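Notes to accompany the following structure.
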Amino acid sequence: MQDVSSLVAQAREGRPRAVARLISLVEGASPQLREVMAALAPLTGGAYVVGLTGSPGVGKSTCTSALVSAYRRQGRRVGVLAVDPSSPFSGGALLGDRVRMSEHASDPGVYIRSMATRGHLGGLARSAPQAIRVLDAAGCDVVLVETVGVGQSEVEIASQADTSVVLLAPGMGDGIQAAKAGILEIGDVYVVNKADRDGADATARELNHMLGLGEARGPGDWRPPIVKTVAARGEGVDELVEALEKHRAWTEERGVLAGRRRARAAREVETIAVTALRERIGDLRGDRRLSALAERIVAGELDPYGAADELVTGITED
């Protein structure tokens, strides 16, 4: 068993091994997980969480690395949570995002953690919210969360980040593709990366047009900016940081940031509660109560919804 209070104290001092062990307890759903979260609770709320998402090949890892460099020049401690897809065969992951950010490996002001999705959909790992909490409590000023290469419906990052950045690149689809892509409905800031390629200006124009077709915005509402970057050369990164800071200031002034964090906490509680309930239902397989309900459904004496209500009532009363 780990000494949680000691690990938390060491993590606050910036010791990477302590942070790694805490995140490992989170990923492994350790029996000490509740103790870890209770110890971290009073220490969280200081980090600014930025989510970066987009299709494979748009340069998310390169852009994340460039942002790390920009924030470090400002003297900020940065945590990076890079989510990689798991193999459906071996369950493993290449964790290539960490390879691309190796230039920051020796910087004590940067902590980089790769996490495998382990089959979880939505572009994030199931334990990502708790891992973000660990990096927050460890004293990171900014936490960058890079999703796997996502498709049109994998938009979970919007529920976990204070600011969501959607990356695109020239040649990744036309305006119609942009209009129907779910990830283009969640961005607070849009980035056209690899802007030195042909078609970058056209991509930015089409994106601007599609955003204009979206929901109406009143005076004072946030209009997502479009920033062109060449992250591999660091071009446009300062402008991206400026756009992120402007969005942060806007969310703080309007109370949006506090609202997002409350909603995030509520979703986390709901997920934990549903998971616990699902585990208890799983334990009932073969139980006589579940078998009896199944028999009544087959006999036409009870419908599945009524049976589910009886089952949930029975579980909660136990």
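The values are calculated or read from the model by the stated rules, or taken from the named source; none is laboratory data. All values derive from a computational prediction rather than experimental measurement. Cβ coordinates were reconstructed from backbone atoms using ideal geometry, including for glycine residues, and neighbour counts include every protein chain displayed. Protein only, heavy atoms only, side chains kept; ligands, DNA and RNA dropped before computing areas. Shrake-Rupley method; radii C 1.70, N 1.55, O 1.52, S 1.80 Å.
Residue by residue through the range 126-149, note down the ones that are more than 10 Å from the chain's Cα centre (by Cα), of a type outside the set (A, V, I, L, M) and outside any helix (DSSP H, G or I).
Within the range 126-149, Gly139, Cys140, Asp141, Gly149 meet the criteria.
Search the range 249-269 for residues being open to solvent by 50 Å² or more (accessible area, probe 1.4 Å) and of a type outside the set (A, V, I, L, M, F, W, C), and hand back the single one that is nearest to Val143 (Cα to Cα).
Out of the qualifying residues, it is Arg261.
I need the full set of residues from the range 229-262 which are out of contact with any Ser or Thr (no Cβ under 9 Å at 6 or more places or on another chain) and part of a strand (DSSP E or B), in order please.
Within the range 229-262, Val230 is the sole residue that qualifies.
One residue is enough: does the range 219-228 have a residue meeting the conditions over 29 Å from Ala66 (Cα atoms) and free of Cβ contacts under 8 Å to residues at least 60 places away in the same chain?
yes
Restricting the range 217-232 to residues that are open to solvent by less than 40 Å² (accessible area, probe 1.4 Å) and aliphatic (A, V, I, L, M), which is nearest to Lys60 (Cα to Cα)?
Ala231
For a quick check of your reading of the model, give me the residue pairs whose first member lies in the range 38-52 and is in a helix (DSSP H, G or I), whose second is hydroxyl-bearing (Ser, Thr, Tyr) and open to solvent by 10 Å² or more (accessible area, probe 1.4 Å), with beta-carbon atoms closer than 9 Å and at least 6 apart or on different chains.
Ala39/Ser5
Can you tell me how many residues within the range 25-56 are more than 28 Å from Arg260 (Cβ to Cβ) and either acidic (Asp, Glu) or open to solvent by 50 Å² or more (accessible area, probe 1.4 Å) (or both)?
Number of matching residues: 2.
Taking the range 18-58, which residues are within 30 Å of Glu245 (Cβ to Cβ) and at pLDDT below 90?
Val26, Thr53, Gly54, Ser55, Pro56, Gly57, Val58
Check whether at least one residue in the range 206-216 is open to solvent by 90 Å² or more (accessible area, probe 1.4 Å) and assigned to a helix (DSSP H, G or I), and report yes or no.
yes
Might you let me know whether the range 237-244 holds any residue that is in contact (Cβ under 8 Å) with a residue 40 or more places away in the chain, of a type outside the set (A, V, I, L, M, F, W, C) and within 30 Å of Arg73 (Cβ to Cβ)?
Among the residues of the range 237-244, at least one is in contact (Cβ under 8 Å) with a residue 40 or more places away in the chain, of a type outside the set (A, V, I, L, M, F, W, C) and within 30 Å of Arg73 (Cβ to Cβ), which makes the answer yes.
May I ask you to say which residue of Glu245, Glu185, Glu235 is at pLDDT 95 or above and open to solvent by 60 Å² or more (accessible area, probe 1.4 Å)?
It is Glu235.
Under 8 Å by Cβ, and 6 or more places apart or on different chains, what pairs join a residue from the range 305-318 that is modelled with pLDDT under 85 with one that is open to solvent by less than 30 Å² (accessible area, probe 1.4 Å)?
Leu311/Leu284; Leu311/Leu293; Ile315/Leu284
Conditions (1) modelled with pLDDT under 90; (2) surrounded by fewer than 16 Cβ atoms within 10 Å (Cβ to Cβ); (3) out of contact with any Asp or Glu (no Cβ under 7 Å at 6 or more places or on another chain), marked per residue:
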{"site": "Ala105", "(1), (2), (3)": "yes, yes, yes"}
{"site": "Arg133", "(1), (2), (3)": "no, no, yes"}
{"site": "Val145", "(1), (2), (3)": "no, no, yes"}
{"site": "Val150", "(1), (2), (3)": "yes, no, yes"}
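Can you find, within the range 185-205, the residue that is nearest to the chain's Cα centre (by Cα) among those that are closer than 21 Å to Gly51 by Cα and assigned to a helix (DSSP H, G or I)?
The selected residue is Glu185.
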